[in-house]
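First up is the structure itself, then whatever we jot down about it.
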Amino acid sequence: MRYFSYRKLDATFSPYSAADVGRHHISSVYADWFHQLTGLEIPVAERYPFVHIPDSALQQAKAQLREWGVDTQTTPLVLLNPFAKSHKRAWPLERITELIARMQQQPQWRHACFLVNAMPQELASVNAAIAAAGVAQTRAFSAVDNFFQLPAMLAQCNLIISVETSIMHLANAVHVPVIALMRKKNPEWAPFDSASSTIITVARRSDWVKAISVEQVLQALPARTT
């Protein structure tokens, strides 16, 4: 039925060809589509991701951290997100706890606090994995009340480590450095802000994100926190 509908179209516009995939950021692709459809020009500077976080959500995040005994003025805060809708883009939870343990052995992260992002239904299993691994100063976190809980908490962090999902783009939106773990399938979906983003990709196009090692992430860590 849909092919019949396509034959009735009386206008088209040119998308990027298959040969161009990965050569243009997704924001450039969409900007080109909008230009072809409407004549609207969107300068690169205006494509930067943003989110307006209500002050109530920011205060809620700060109150939650105080309740957990986290002082972000003196203690680095790192959020790690291993979960994605597709298991091909997810990172094993045991790698997350290993990474935290390895980071805590480094002077610049020795006193850091860690949050492991999870869906609400995964909070119990993540907390159990944290307890089983015996990593200190680490808690599971989930936006259980509303969407803005997530960017509000991200905005409190010094570093975000995430698989290929919305969190790596929200990290750019709240201006926090991010280490993104990505497959090679859709490089055009990399974080927009290359200056504050470090991208670790798998070796082969067929590889899943779990092919990325803890050692690779450790090597990509910034030399110091800000």
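Below, the figures for the structure above:
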read-out	value
Sequence of Phe50, Phe141, Phe34, Phe148 from largest to smallest accessible area, 1.4 Å probe	Phe50, Phe34, Phe148, Phe141
Pairs of lysines in the chain (C-alpha under 18 Å apart; 8 or more residues apart or interchain)	8
Pair Leu37, Asp193: separation of 7 Å Cα→Cβ label points (nm)	2.7 nm
Charged-residue dipole, Cβ positions (Lys, Arg, Asp, Glu), segment 19-69 about Cα centre, Debye nearest 20	220 debye
Accessible area expressed per residue, the chain, with surrounding protein chains retained (probe 1.4 Å, Å²)	56 Å²
The chain: angle of helix 93-103 to the longest principal axis, Cα-based, in degrees nearest 10	60 degrees
Which of Ser28, Ile42, Ala63, positive extreme of dipole for segment 26-110 (C-beta unit charges)	Ala63
Charge dipole magnitude, Cβ of K and R +1, D and E -1 - the chain, Cα centre, debye nearest 20	680 debye
With every protein chain in place, the chain: carbon and sulfur % of accessible area (1.4 Å)	54 percent
Check: segment 87-176 dipole with +1 on Lys, Arg Cβ and -1 on Asp, Glu Cβ, in debye	200 debye
Segment Ala131-Gln105, extension gain: residue separation times 0.36 nm, minus the distance between their alpha carbons	7.6 nm
Over the chain, volume per residue of the alpha carbon convex hull, in Å³	166 Å³
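The values are calculated or read from the model by the stated rules, or taken from the named source; none is laboratory data. Since the model is a prediction, treat every value here as computed from it, not as a measurement. Ideal geometry is used to build each Cβ from the backbone, glycine not excepted, and the neighbour counts take in all protein chains shown. To get the accessible areas, we keep the full protein, side chains included, count just its heavy atoms, and leave off ligands, DNA and RNA. Shrake-Rupley method; radii C 1.70, N 1.55, O 1.52, S 1.80 Å.
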